[in-house]
Every structure is written in structure tokens, then in C-alpha cells.
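The values are calculated or read from the model by the stated rules, or taken from the named source; none is laboratory data. Remember, predicted model here, so these are calculated numbers, not experimental data. Positions of Cβ are generated from backbone atoms using ideal geometry, with glycine treated the same way; all protein chains shown enter the neighbour counts.
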Amino acid sequence: MMEFLAAGLAAVGAADGGDVAALQHLWTGVRDSSEQVVMSLDDHDRLIAYVLGLSHALNIAFFTALAESGEAAPKLARMSSTTFDAQLDVASRVAQESPELYYEIQSLNDYGAESLEALSQAVERLRTAVLSQDHTTFVALMRRGRDYLEDRRSVAERRA
């Protein structure tokens, strides 16, 4: 089985456990504070569909919706909030990246459709809750997200 060593932004394929151990040793010497994760290539691709594919898709959808809204970016910037500014900052960085590379990330990952479908379903649930004035569902979506991200925040705090 082909295994993957993923640490920070680096991901290196290795043919066997011995190769992975050697790569882990080398990587530790380069980046002492990084977390290393060993996984199969299949697991890597499934997870990266969410880590890269979903985050890229969300930002591409965000700036596409803005660009197609007919509202001028400077006008929106004058009316912005901290949430909008933070999202716009991330989306602006994504928009400056290589469209060819981002297309490959989206289209070449066998699990890419899974994360895009998850995004589509989540937006539809949000849309339905708002348009039907379903307060309970909307609050449940927000709370579920808070609970899910609380686990992520705990991991980030442990790393700091």
C-alpha cells in the first residue's frame, strides 16, 4: 500500500513504511513544530477534497455571487462588516491564484464531487431555512457549526 506523509503544506508519497519513517525523520529536522500525519493516498485525496476543494469552491462561489450581483466592490466595502471583510480577504487571495491549478484541484480529485455536493446541500438547507422562515432549522445549523468548529479550535489551541 502506498502511504502518504502529510505535514503542514508538504505531502510526500512513500512506497513503504520504512520510506515513511525516513521522510518523517527528515521532515522533523526541517520543521520541528509541524504535525505529521501518515495516511493512504486514498485517505489523502478524500480529506484534501474538503481541505482544499471545499474551501476553494466556497470562495469561488462567494466572489462569483458578488461579481454577478451588480453591486460594485467599492460600494460593498464601504458597507462591510468584520465578517464580510474577513471573507472578502480570503476570497481575494483565492481569486489571485492560478485558475488552472485550482481547476485541477477541483476536477482531478476523485472525491471532489463529494465535497461540492456537501457544499450544495448545505447552501440549499440554509436557503430553505431562510426562505421558509424556519428559525429552528437555522439555529440548529448555526449550533451544529459552532460545535463542530469548537473541536477544531481546541486542536489549534493545543498547537499554539
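Overview of results
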| read-out | value |
| --- | --- |
| Residue ranges of helices (runs of 4 or more DSSP H) in the range 41-87 with at least 3 members closer than 27 Å to Leu108 by Cβ and among the polar types (S, T, N, Q) | 55-67 |
| Options Glu97, Glu3, Glu71, Glu35: the member that is among the charged types (D, E, K, R) and at pLDDT 95 or above | Glu97 |
| Residue within the range 115-134 that is closer than 15 Å to His56 by Cβ, among the small types (Gly, Ala, Ser), surrounded by 12 or more Cβ atoms within 10 Å (Cβ to Cβ) and in contact with a helix residue (DSSP H, G or I) (Cβ under 8 Å, 6 or more places away or on another chain) present | yes |
